[in-house]
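Here the structure is laid out as structure tokens; the discussion comes afterwards.
Read-outs: derived from the displayed coordinates by stated rules, not from any lab. Remember, it's a predicted structure, so these values are computed and weren't measured experimentally. Ideal geometry is used to build each Cβ from the backbone, glycine not excepted, and the neighbour counts take in all protein chains shown.
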Amino acid sequence: DGGITQSPKYLFRKEGQNVTLSCEQNLNHDAMYWYRQDPGQGLRLIYYSQIVNDFQKGDIAEGYSVSREKKESFPLTVTSAQKNPTAFYLCASRPRTNAEAFFGQGTRLTVV
Amino acid sequence: RKEVEQDPGPFNVPEGATVAFNCTYSNSASQSFFWYRQDCRKEPKLLMSVYSSGNEDGRFTAQLNRASQYISLLIRDSKLSDSATYLCIVKTDSWGKFQFGAGTQVVVTP
């Protein structure tokens, strides 16, 4: 089955540590996105990538980094510079020709 | 002003009633519009695209008003299972950035 997979589903991190969230899709989609959602809030765009080896900052990129070495993969690193990293992180992808976006099931990150 | 704005609600709706809410956008060049549904602690899922002429999918009707720059979603004959947060998405540039509204919470009560 084609889809978009995020792992892990739950992640706990100690303060001061970097952590990488995985996002893989086998839908052959060109564009991939990372969003952050805080309780009771909407989705805020962190980074997005339209093509391999290229990505753009979204509205809240500070303290995060990404890479797009393969079309299928768009990992997000939450660095120690992110002051309030506890949130629900959602990855999405969409093809170039169809505007609809598909989401992974999300990773819930908690800083302990 | 935010690029995409929604009334956060909650809209408390008796079962069987009709509820409608809007999503306003600021960029008049916006090209594509969608409604997504998000259940608590889950990922958003596409509910329906919004076409210029308006479109209907069962009990759900979506409309686009370009002059006033908003889209709307109407739910008829509300079911308990319609309780969720409804997110609008506005595609603001050629095909890259995907901008979300903060969501409208709908609570359908027995």
Item to check | FRET efficiency, B:Thr18 to A:Asp38 (Cβ-Cβ, R0 30 Å, nearest 0.05) | outcome: 0.45
Checklist entry - Along region B:39-51, what does the Karplus equation 6.51 cos²θ - 1.76 cosθ + 1.60 (θ = phi - 60°) give for ³J(HN,Hα), rounded to whole Hz, x for Gly and Pro? => result 7, 4, 6, 10, 7, x, 10, 4, 8, 6, 7, 10, 9
Checklist entry - Using the Cβ atoms and a cut-off under 11 Å, what net charge is assigned to the surroundings of B:Phe33, where Lys and Arg are +1 and Asp and Glu are -1? => result +2
Checklist entry - Hey, in the protein assembly as shown, which Cys have no second cysteine's beta-carbon closer than 4.7 Å? => result B:Cys40
Item to check | Amide N of region A:42-79 lying under 12 Å from the label point, which is placed 7 angstrom from the Cα of B:Asn27 along Cα→Cβ | outcome: A:59
Checklist entry - What FRET efficiency, computed as 1/(1 + (r/R0)^6) with R0 = 25 Å and r the Cβ-Cβ distance, is obtained for B:Ser49 and A:Lys9, rounded to the nearest 0.05? => result 0.30
Next on the checklist: Can you compute the FRET efficiency between A:Thr86 and B:Lys79 using 1/(1 + (r/R0)^6), with r the Cβ-Cβ distance and R0 = 30 Å? Round to the nearest 0.05.
Outcome noted: 0.35
Item to check | Distant alpha-carbon pairs in the protein assembly as shown (separation over 23 angstrom), percent | outcome: 48
Next on the checklist: Apply the Karplus curve 6.51 cos²θ - 1.76 cosθ + 1.60, θ = phi - 60°, to the phi angles in region B:104-109 and return the couplings in whole Hz, x for Gly and Pro.
Outcome noted: 10, 8, 10, 10, 9, 10
Item to check | Extension gain from B:Asp7 to B:Val107, taking 0.36 nm per residue of separation minus the Cα-Cα distance | outcome: 34.6 nm
Checklist outcome for this item: Long-range amide H partners of A:Gly3, meaning residues 5 or more apart or on another chain whose placed amide H is closer than 5 Å, are A:Asn26, A:Leu27
Next on the checklist: Just checking the output field for B:3-11: average partner chain Cβ neighbours within 10 Å of each residue's Cβ?
Outcome noted: 1
